[in-house]
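What follows is calculated from the coordinates using simple rules that are stated; it is not laboratory data. Remember, it's a predicted structure, so these values are computed and weren't measured experimentally. Every residue, glycine as well, gets a Cβ built from its backbone with ideal geometry; the counts of neighbours run over all protein chains shown.
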Amino acid sequence: MFAVLKTGGKQYKVQSGDVLRVEKLAAAAGDTVQFNEILMLGGNAPVVGSPNVAGAAVQATVIDQIKGEKLIHFVKRRRKHSSKRTKGHRQQLTLLRITEILEKGAEKSGVMAAIGAGSAPAVAEPAPKKAKAAPKAKAEPAAEAAPKKPAAKKAAPKAETAGGDDLKQLSGVGPALEKKLHAAGVTTFAQIAGWSESDIAEMDEKLSFKGRIEREGWVDQAKKLAE
């Protein structure tokens, strides 16, 4: 006699004595489990379930909890910003031996049902009882504190422009750009004339000039205007 059972989303044709690998079950080595989803019983008078055969079951003994062969998952994207990823995976399996095929009386066998490890219900531990807290003594009313005044926000220090040069004489500098330069502490042609390449890059990034300093030639202009 043979039976077709279903477990872990797969179907298996088994006979008594067969050794089978199935999706991991919530059982330890040496336990006896029972599969109750029997789709078909074969023999002299085959029986096909609709979907399961009523009262039929397959019992098996768990040999060990094992892992399947390692599978490599490789992904590569051919784009401007190419990327690739490699992952390995080993499926967790249960190795068992079929011991008996029951045509009837599965519900009276007393053997625990084979349940997938992922669907096994977790047993919640009872929460410890909280000890009653001692009654709190009434606190004396505290003296009303004077309401604190909200701290005034410190105004950002304004760049001193007294005695500074008219930076609008530089090519491409208008009132808006002149305000940005003043806010950054730049008020004279002499300061701009002394800029190094690192200073230019720093100011370009800090004030978002997008290469305007070199493109307009501010350093050369400032050196002439500072004379």
Ranking of Ser208, Ser16 by count of other Cβ atoms within 10 Å, fewest first: Ser208, Ser16
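Taking a ≥ b ≥ c as the square roots of the eigenvalues of the Cα gyration tensor of segment 167-226, is the shape rounded (a/c under 1.5), prolate (a/b larger than b/c) or oblate?
Details: a/c = 1.29, a/b = 1.06, b/c = 1.22.
Rounded is the answer for segment 167-226, as its axis ratio a/c remains below 1.5.
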Cα pair distances of segment 2-119 binned at 10 Å [whole percent]: 13, 38, 24, 12, 8, 4, 1
Taking Phe35, Phe2 and counting other C-beta atoms within 10 Å, the order from fewest to most: Phe2, Phe35
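Which links in Lys6/Lys67; Lys10/Lys104; Lys6/Lys76; Lys6/Lys70; Lys70/Lys108 stretch past 30 Å when you go from one Cα to the other? Display every interim value, and only then the final one.
Working: Lys6/Lys67 20 Å; Lys10/Lys104 23 Å; Lys6/Lys76 36 Å; Lys6/Lys70 24 Å; Lys70/Lys108 40 Å.
In this structure, Lys6/Lys76; Lys70/Lys108 lie more than 30 Å apart at Cα.
What ranking do Arg215, Arg97 get, fewest neighbouring Cβ atoms within 10 angstrom at the top? Mind dumping the intermediate values first?
Values: Arg215 11, Arg97 14.
Arranged by neighbour count, lowest to highest, Arg215, Arg97 become Arg215, Arg97.
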